[in-house]
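The values are calculated or read from the model by the stated rules, or taken from the named source; none is laboratory data. Being a predicted model, the structure only gives us computed values, none of them experimental. Note that we place each Cβ from the backbone using ideal geometry, even for glycine, and neighbour counts take in every protein chain shown.
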Amino acid sequence: MFQMHDVAELLTWHMNHKNSDGKMHHPVDSVSWDSIDAKWPDFSNDPRNLRFGLATDGFNPFSNLSSRYSCWPVMLVTYNLSPWLCMSKENIMLTLLIPGPKQPGNDIDIFLQPLIDDLKLLWDGVEVYDVVSKSNFNLRAVLIWTINDFPAYENLAGCTTKGKTACPICGEHTHSQWLYHSKKLVYMGHRRFLPPSHPYRRKKSWFDGKVEDRQVPRIANGNAIDTQLKDFQNFFGKVDKKKRKRQKELKGMWKKRSIFFDLPYWKELVLRHNLDVMHVEKNVCESIIGTLLDINGKSKDGYNARKDLQDMNIRHDLHPVERESRVYLPPALHTLSKLEKQLFCKRLYELKVPDGYSSNISNCVSVEETKVMGLKSHDYHVLMQQLLPVVIRGMLPKGPRHSITRICGFFNKICQRVIDRESMLEIEKEVIETLCLFERYFPPSFFDIMTHLVIHLGREVRLCGPVQFRWMYPFERYMKTLKGFVRNQSRPEGCIAERYLAEECILFYKNCVQGSTRLDDKQRRNEEFNNDIILEGRPISTGKEITLSDEVLNLAHQYVLFNTKAVEPYIEMHRNELILSNKRLANDDTQVMKVHSEQFPIWLKEKISLDVGNRKDSDILKWLANGPRKTAMSFSGYIINGQRFHIKSIERSTQNSGVSIDASAICRSSDGDGSPKFDVVTYYGVLTEIILLDYYVYRLPMFKCDWAKIHNGVKVDDGFTLVNLHQNQSQFSSEPYILASQAKQVFYARENDNSPWYVVLKAPPRGFHELDKYDENVDTSFVGDGSSLALDDIDDEFECRNNSRDDCEGILL
């Protein structure tokens, strides 16, 4: 790494990019990073010292999905690099490849021994030549945490992730309960995480029929665990069952002393093993959808779940009712009626999303059978982030609906690119209340270990920073790349190893010997090209020459002038001249704006000469003032700001025509208000035409849109912004154009076939988490306000209500 000049420079990125404003953009801003700096200042003094994250998981190296072969790559990522580089495929190091056909399980420590030895050596330091400083230095490295799914968590941490102590964070204090009829352990009791004075602790009938007096479980740190396992004797391979049972009785939740404790610094780390947000989010979303739609094998409700309620002596109105030879299950508050299930599936089936947002979810939806099957992890991710609250809008009673909305809001907040440390404390409190609401409205069988782990995710974000540096998505993609390396199916590990070494050699040659390609010079799908003629973006369709009418030309040119920064001084100059020349305009801002808009293009053309010798004004400003040609190029697709736009008329399976813009508008308190004020207003519309205005020496892209009316075409309902896209568009007939660079992409979800109202959703650009700059305008903030809904608003409606719905049919078995 330090032999390549570009890479060696990038490895010190973290030194000059640490934020002091309380915002976390990268692990360098996290508590975990600061803790290492404080405990080992000699390590942090040299910014070239490396900080690694380790990830491992099993994958099937063959195309035959029925094969149960599993090999385990062990990968390292370097957090010294910038956010857009450290998790990229090119910078993931394949350190070990544990061969199949079976997973290593608890014996993974044996395979990790060479890597641990190297990490111990790197902690002490090795002499390395730095091509930037042209000198040798003592290189050190630290492993700051591991990244893995929950089964691999057990293998690496050495603790059990099943049974009564399945939660590795709660440890021996895990609250578990055996459900006799469902034949499973569940993990509830989340009220104990609430403050001692919280009213939910005293409400017995809403939960398990008991008052909650227990305190928040204490989380054991690394030193405590290391002391506890000091004399633990590991047994690897096939061990006598009597020995294993006796060892288990002695150490409870621990299966072994993890090999990572051989690292001298491991016990001092703030957080050693990360919970994988990707798999937790996927499993929780799958449980919610399966329960709402009552999907066989996925639903957490049913006859056995109701019998468990009967055994627990709670929610008596949901107990099974014997009717002759059949059993009737009353509809719970989370139960959807048949019509609601069909509407749920229809909304998902008909929803079109922008390019690169997700896969085509409609392929996994059956409206007739009211089923959603075959979704991938990323599909569940986008459902949980934005789509699920929109799909259930208007369904279910208020309590369970807002419980789902709140947990979706929680996942949305922790998955943002920038995390506010202070706000995370409040988010942690909110998710505790949210899980208590789930305990109130959903059956006990819903609470498997994955649902319980949600309560610990906020703490890990607060300690370690944004989740995109600590989840499995980049490693799952990398394993797909490794899968493509296999050419000889009898020797898959050999193929992967040889191909990996060959590619590393080629990359080193290109960067070190030829010096041809920087690590960050990677072309993205929706990236713009540099063009001397087109100022912004790039077209992605065949152009068609059109002739603009005088009216359209004037409207477009006028908008360009009033929205170009170089023209701003002249705008103010012309306004002042108008007021000085006509004192009656001084007290009428509306009339000033009207005259100013009509006369400014002509005035500017006369003001700025096209004389090349006049160096006071820029060349762009001169040609801008002169005005565009009447002929322009029209396109059906355009890429700008990392987003792909298409006009409405050519859309098929994706929706890329939704546009929003924040613009200044005149706001009046009444029709007779003579002193209007300017305010920023968000406009929503649909893209209908893309043109390139020809200013002789350069071309400027413009979007023509049909805009929703502001006063009666846009409304906020239950925290969702809705727009009416079926109204007459005459209000904006004089202002249909905007600059392409001003457009923000949104997409719309229609309420139903008979409604003109559409819910607005924000669309992040493709590769959102890998962008090199943070832009608050493209953050996917939550669409509903259920995440911050006051608990009293939910409680009031259900204070005197039963636990069953009276507007929905039950289930007859």
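Residues in segment 94-149 that are of a type in the set (Gly, Ala, Ser) and crowded, with 17+ Cβ neighbours inside 10 Å: Gly100, Ala141.
The residue of segment 430-482 that is surrounded by the most Cβ atoms within 10 Å (Cβ to Cβ), among those that are touching a strand residue (DSSP E or B) at 6+ places or on another chain (Cβ under 7 Å) and among the small types (Gly, Ala, Ser), is Gly465.
None of Met424, Met450 is under 22 Å from the mean Cα position of the chain (by Cα), assigned by TED's automatic domain parsing to the domain that holds Leu336 and at pLDDT below 95 except Met424.
Do we have Ser490 as in a loop (DSSP other than H, G, I, E, B), modelled with pLDDT under 85, over 30 Å from Pro764 (Cα atoms) and not assigned by TED's automatic domain parsing to the domain that holds Tyr357 here? In short, no. Residues in segment 298-356 that are surrounded by fewer than 16 Cβ atoms within 10 Å (Cβ to Cβ) and of a type in the set (A, V, I, L, M, F, W, C) were compared, and the one that is nearest to Leu812 (Cα to Cα) is Val327. The set of residues in segment 3-53 that are of a type outside the set (Gly, Ala, Ser), assigned to a loop (DSSP other than H, G, I, E, B) and free of Cβ contacts under 8 Å to residues at least 40 places away in the same chain comprises Lys18, Asn19, Asp21, Asn45, Pro47. Among the aliphatic types (A, V, I, L, M), in a helix (DSSP H, G or I) and in contact with a Phe, Trp or Tyr (Cβ under 9 Å, 6 or more places away or on another chain), is that true of Ile289? So Ile289 fits the description; yes.
One line per residue, one yes/no per condition, for (1) among the β-branched types (Val, Ile, Thr); (2) touching a Ser or Thr at 6+ places or on another chain (Cβ under 8 Å); (3) closer than 30 Å to Leu388 by Cα:
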{"residue": "Phe261", "(1), (2), (3)": "no, no, no"}
{"residue": "Val270", "(1), (2), (3)": "yes, yes, no"}
{"residue": "His279", "(1), (2), (3)": "no, yes, yes"}
{"residue": "Cys285", "(1), (2), (3)": "no, no, yes"}
{"residue": "Ile288", "(1), (2), (3)": "yes, no, yes"}
{"residue": "Tyr303", "(1), (2), (3)": "no, no, yes"}
{"residue": "Met312", "(1), (2), (3)": "no, no, no"}
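Which residues, taken from segment 476-506, are farther than 20 Å from Ile98 by Cα and in contact with a Leu (Cβ under 9 Å, 6 or more places away or on another chain)? Hits for segment 476-506: nothing passes.
Condition first: in contact (Cβ under 8 Å) with a residue 60 or more places away in the chain, assigned by TED's automatic domain parsing to the domain that holds Tyr441, farther than 29 Å from Ser660 by Cβ and aliphatic (A, V, I, L, M). Can you find one or more residues in segment 352-366 that meet it? Looking for residues that are in contact (Cβ under 8 Å) with a residue 60 or more places away in the chain, assigned by TED's automatic domain parsing to the domain that holds Tyr441, farther than 29 Å from Ser660 by Cβ and aliphatic (A, V, I, L, M), one finds none in segment 352-366, hence no. Among the helices (runs of 4 or more DSSP H) confined to segment 338-391, the ones with at least 3 residues that are farther than 26 Å from Ile639 by Cβ are located at 338-350, 388-391. Within segment 701-730, can you find the residues that are more than 22 Å from Asn752 (Cα to Cα) and at pLDDT 90 or above? Hits for segment 701-730 are Pro701, Met702, Phe703, Lys704, Cys705.
When we screen Lys245, Lys204 for residues that are over 30 Å from Ser287 (Cβ atoms), outside the structural domain of Gln310 (by TED's automatic domain parsing), at pLDDT below 90 and charged (D, E, K, R), the only hit is Lys245. Counting only helices (runs of 4 or more DSSP H) that sit wholly inside segment 546-640, those with at least 2 residues that are at pLDDT below 80, in the same structural domain as Gln745 (by TED's automatic domain parsing) and surrounded by 14 or more Cβ atoms within 10 Å (Cβ to Cβ) are 568-581, 589-607. Here Glu651 passes the criteria (1) at pLDDT 90 or above; (2) over 20 Å from Glu735 (Cα atoms) except the one numbered (1).
Comparison of Ile169, Ile116 shows that the only residue that is under 17 Å from Arg257 (Cα atoms) and in a loop (DSSP other than H, G, I, E, B) is Ile169.
Out of all the residues in segment 295-317, is one or more farther than 21 Å from Asp208 by Cβ and charged (D, E, K, R)? Yes: one or more hits.
Being outside the structural domain of Arg140 (by TED's automatic domain parsing), at pLDDT 90 or above and buried (at least 20 other Cβ atoms within 10 Å of the Cβ), is that true of even one residue in segment 209-218? Scanning segment 209-218 turns up no residue that is outside the structural domain of Arg140 (by TED's automatic domain parsing), at pLDDT 90 or above and buried (at least 20 other Cβ atoms within 10 Å of the Cβ).
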